[in-house]
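Single-structure report; data block below.
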Amino acid sequence: MQLYFDESGNTGTDLLNPDQPVFALASTSLGRDASEELIGPLRQTNQVEAKYSKLKGTRKGRKALLAFANSPLLTEDSCIFMQADKLYYLITHLVDKIIEPVMHDTNFDLYAGDGHVALTNLFFYTGDFAFPNGHWLRLQKATLQVLRQLSPDSFENFRRTVNAALPHIPDSFDIFRTMLTMGAALIYESLQIFRGTNSFDPAVDIFIAIVNLWMQRHTGDLQIIHDRSKPLRHSEKLLRAMMTKIPARVVGYGNRKTELPLRVSELHFADSQSLPQLQVADVLAGMSIDCLLGWSGKRPSNEFHEEMKGSPIAKWGVRGMLPDPNMSRRNDPAPGEVNLVDGAAAFMRDVGFFKGRD
């Protein structure tokens, strides 16, 4: 099966960018003719490529976008898209890469029952209360600096930031005080293995998640054409390692599972101007961000956003790395199952990706 991917809202590892708080990646299996039928009406005079940001600014453009969103060619079988709230995504790495390793050393499985998801949401929704007087923003910035630099200076700055916040954390959030104290003390040991991997970019994680959804639908290998993307180019070595042809395995708990290796036989990068399929994915990605921000109240909404609520796209459901206050315990481990992070790390070691880093 041939798939086409394009993205919107890409700021790389600049995860605290106030102007672009959401990243989206969209994919389609539509052929050239069907894609041209969809994208042709969206192109303005003398344009070779349709751009969502320009279309949504005019009444005619919004009407064309509504027709696009309601086309019977766009279905859950032919398109998959996901979003990542960048602050939420940053917090997932605070939990997964800094806190979880020290919990693991105490024989506590943070992934059992989706504990890591619950903790990420707890940070997201209570950060301003747990770290008052500006310490929540300082902790975000220190975490981002660590992920982007992985340097001794960034490790030390993270420790200083945590220590400065500790006296201000209310007793009701003492669990944060304990976890961050332990995580800060062992941050070098927890993160050194990621040096040079470019593994802290939502474009990479969302790409892998979408590929896995396509793999669940189709048993054969996938051929992927992606719009030219700096983050994915930078992480190409990592992605191709995950496609290494070794015996397949499934890692994760409950319904939070991933099959490795990725069943991708070809991965190419192309210019979206030359392929209408990439333009379909681009419009879907831009549309999904605009609607998510409008529907959530994070950006002003208008009549177009209300009309989009009735489109099939809105009914597909929201997927991706997004905050959710309605958490319940789920995905406890069954006998023999290994969590996603440990299972993926074991796979990468088996294919030699971490050689020289351990």
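The values are calculated or read from the model by the stated rules, or taken from the named source; none is laboratory data. Keep in mind it's a predicted model, so treat the numbers as computed, not measured. Neighbour counts run over all protein chains shown; Cβ positions are idealised from the backbone, glycine included.
Condition first: within 23 Å of residue 233 (Cβ to Cβ), crowded, with 21+ Cβ neighbours inside 10 Å and in contact (Cβ under 8 Å) with a residue 24 or more places away in the chain. Can you find one or more residues in region 27-36 that meet it? Checked against the condition, which is being within 23 Å of residue 233 (Cβ to Cβ), crowded, with 21+ Cβ neighbours inside 10 Å and in contact (Cβ under 8 Å) with a residue 24 or more places away in the chain, region 27-36 yields at least one hit.
Of the residues making up region 153-179, those that are loosely packed, with under 14 Cβ neighbours inside 10 Å, under 16 Å from residue 141 (Cα atoms) and among the polar types (S, T, N, Q) number 1. From the set of residues in region 281-323 that are among the polar types (S, T, N, Q) and surrounded by fewer than 20 Cβ atoms within 10 Å (Cβ to Cβ), which is farthest from residue 125 (Cα to Cα)? It comes out as 311. Mind checking which pairs have a first residue in region 301-327 that is on the phi > 0 side of the Ramachandran plot and a second that is not charged (D, E, K, R), Cβ under 6 Å, 6 or more apart or different chains? Within 6 Å, the pairs are 320/82; 320/83; 320/84.
Filtering region 84-130 to residues that are surrounded by 21 or more Cβ atoms within 10 Å (Cβ to Cβ) and not in a helix (DSSP H, G or I) leaves 84, 85, 110, 111. Could you tell me whether any residue of region 22-42 is assigned to a loop (DSSP other than H, G, I, E, B), out of contact with any strand residue (DSSP E or B) (no Cβ under 9 Å at 6 or more places or on another chain) and among the charged types (D, E, K, R)? Looking for residues that are assigned to a loop (DSSP other than H, G, I, E, B), out of contact with any strand residue (DSSP E or B) (no Cβ under 9 Å at 6 or more places or on another chain) and among the charged types (D, E, K, R), one finds none in region 22-42, hence no. Answer yes or no as to whether residue 133 is outside any helix (DSSP H, G or I), modelled with pLDDT of 95 or more, more than 23 Å from residue 12 (Cα to Cα) and over 26 Å from the mean Cα position of the chain (by Cα). For residue 133, the condition - outside any helix (DSSP H, G or I), modelled with pLDDT of 95 or more, more than 23 Å from residue 12 (Cα to Cα) and over 26 Å from the mean Cα position of the chain (by Cα) - is met.
Just one of (1) in contact with a Lys or Arg (Cβ under 8 Å, 6 or more places away or on another chain); (2) at pLDDT 95 or above; (3) closer than 18 Å to residue 11 by Cβ; (4) not aromatic (Phe, Trp, Tyr) fails for residue 147. It is (2).
Here residue 52 qualifies as at pLDDT below 95 and crowded, with 22+ Cβ neighbours inside 10 Å. Within region 324-350, the residues that satisfy the criterion of being assigned to a loop (DSSP other than H, G, I, E, B), surrounded by 15 or more Cβ atoms within 10 Å (Cβ to Cβ) and either within 18 Å of the chain's Cα centre (by Cα) or not aliphatic (A, V, I, L, M) (or both) are 331, 333, 337, 339. Identify, by number, the condition in (1) under 17 Å from residue 274 (Cα atoms); (2) over 25 Å from the mean Cα position of the chain (by Cα) that residue 51 doesn't meet. Unmet for residue 51, out of (1) under 17 Å from residue 274 (Cα atoms); (2) over 25 Å from the mean Cα position of the chain (by Cα): (2). Taken together, 240, 249, 233, 256 contain a single residue that is touching a Gly at 6+ places or on another chain (Cβ under 9 Å) and of a type in the set (Lys, Arg), which is 249. When the helices (runs of 4 or more DSSP H) confined to region 154-269 are screened for residues that are over 24 Å from residue 26 (Cα atoms), among the aromatic types (Phe, Trp, Tyr) and without any contact (Cβ under 8 Å) to a residue 40 or more places away in the chain, those reaching at least 1 such residues are found at 187-191.
Taking the conditions exactly as written (basic (Lys, Arg), surrounded by 13 or more Cβ atoms within 10 Å (Cβ to Cβ) and touching a residue at least 24 places away in the same chain (Cβ under 8 Å)), does residue 43 satisfy them or not? When the stated conditions are applied, residue 43 does not pass them.
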